[in-house]
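The values are calculated or read from the model by the stated rules, or taken from the named source; none is laboratory data. All of these numbers come straight from a predicted model, not from anything done at the bench. Ideal geometry is used to build each Cβ from the backbone, glycine not excepted, and the neighbour counts take in all protein chains shown. Remember, those area values only see protein heavy atoms, side chains included, never the ligands or the DNA or RNA. Shrake-Rupley method; radii C 1.70, N 1.55, O 1.52, S 1.80 Å.
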Amino acid sequence: MSRPDDFSDTDLSAWLDGALEPERRTKVDAWLREQPEAAARVRLWAADRDALRARLDPVLGEPVPALLVQAVLQARAQPRWAQAAVVAGLLVAGALVGAGGMWQWQGQRMAGALAGALAAAQAGTPAGWVQRAALAHSVYVPEPRHPIEVKAQEEHLARWLTRRIDIPVKLFDLRDEGFELMGGRLLPDAGGKSAQLMYESVDAATPKQRVTVYLRKPDSSAPTAFSYRQQGELGEFYWVEAGAGYALVGALPKERLLALAQAIYKQQPAPTPAASAATR
């Protein structure tokens, strides 16, 4: 028995959510009893939905993340097109949660759309690129399966990112500081592209931690001073040197994040600012 033309995936989703009228629901009930493959597919949808609810329902009671609040507040001072970009990004994120998980492969694209919308809204602000680094960190670090686009073991990673963002990309060795390179990805940036390198802690005795290094070609007006700021649980060291902008982001104590920043400095060919500047 083939599926009637009027039984679309939308109908089956509505049946799963209990949103069909009684008469139509009865028809779908009967059809699914005769179609074991379709019934199995709908059961998988239900399993995805229940898994997402179990994981995300506790989040509903949490306060809105400080980064998101700040992004929205900053967007209110932007032109209308920029405000629309933020709204579009938030709607995309909401649609991802509401979709249940029937198409989980879309998750990465949705996260990228949100990051891109927020980035567009903040373009041109004095600390816009640093904010984008933090947002990119928040989007990709929690990813269990696809936190990176290209693995560290792939030899072309540095060459690929260098060509894309038009500045030399070095794969920093942070193993002495307890972190190993996982890989990297290409990101949208205001007026161009940026790169993100992701590192993970190697100490098996402690919970895994991740930090990211955000690299971009800086604007001519970008301040070059070595600076630090705290946003919620995230700390950020950022600077401009030798024609490249860097932002190191992680949920680590300031002293440990500083040690990582200094390790990156030591691997740069250009002179580095005095370490004392980090305490400003």
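Would you call Glu236 without any contact (Cβ under 8 Å) to a residue 12 or more places away in the chain and not in a loop (DSSP other than H, G, I, E, B)? So Glu236 fails the test.
Here Tyr238 clears all of (1) modelled with pLDDT under 90; (2) surrounded by 19 or more Cβ atoms within 10 Å (Cβ to Cβ) except the condition numbered (1).
Of the residues making up the stretch 181-192, those that are of a type in the set (A, V, I, L, M) and either within 17 Å of Tyr140 (Cα to Cα) or part of a strand (DSSP E or B) (or both) are Leu181, Met182, Leu186, Leu187. When the residues of the stretch 201-218 are filtered to those that are without any contact (Cβ under 8 Å) to a residue 24 or more places away in the chain and open to solvent by 30 Å² or more (accessible area, probe 1.4 Å), the one that is nearest to Gln131 (Cα to Cα) is Lys208. Of all residues in the stretch 173-185, those that are at positive phi have Cβ atoms under 8 Å from Cβ atoms of residues that are crowded, with 17+ Cβ neighbours inside 10 Å and assigned to a strand (DSSP E or B), 6 or more apart or on another chain, in Gly178/Ser201; Gly183/Leu197; Gly183/Met198. If the condition is being crowded, with 16+ Cβ neighbours inside 10 Å and at pLDDT below 80, then the stretch 4-44 contributes only Phe7.
Residues in the stretch 219-231 that are touching a strand residue (DSSP E or B) at 6+ places or on another chain (Cβ under 6 Å) and part of a loop (DSSP other than H, G, I, E, B) were compared, and the one that is most open to solvent (accessible area, probe 1.4 Å) is Thr224.
Scanning the stretch 242-261 for residues that are at pLDDT 85 or above and either open to solvent by 60 Å² or more (accessible area, probe 1.4 Å) or over 16 Å from Tyr199 (Cα atoms) (or both) yields a count of 6. Looking only at residues of the stretch 188-200 that are modelled with pLDDT of 90 or more and either in contact with a Pro (Cβ under 9 Å, 6 or more places away or on another chain) or among the hydrophobic types (A, V, I, L, M, F, W, C) (or both), we find that the one that is most open to solvent (accessible area, probe 1.4 Å) is Glu200.
Annotation: of all residues in the stretch 137-180 being open to solvent by 50 Å² or more (accessible area, probe 1.4 Å) and part of a strand (DSSP E or B), the one that is nearest to Ala195 (Cα to Cα) is Lys151.
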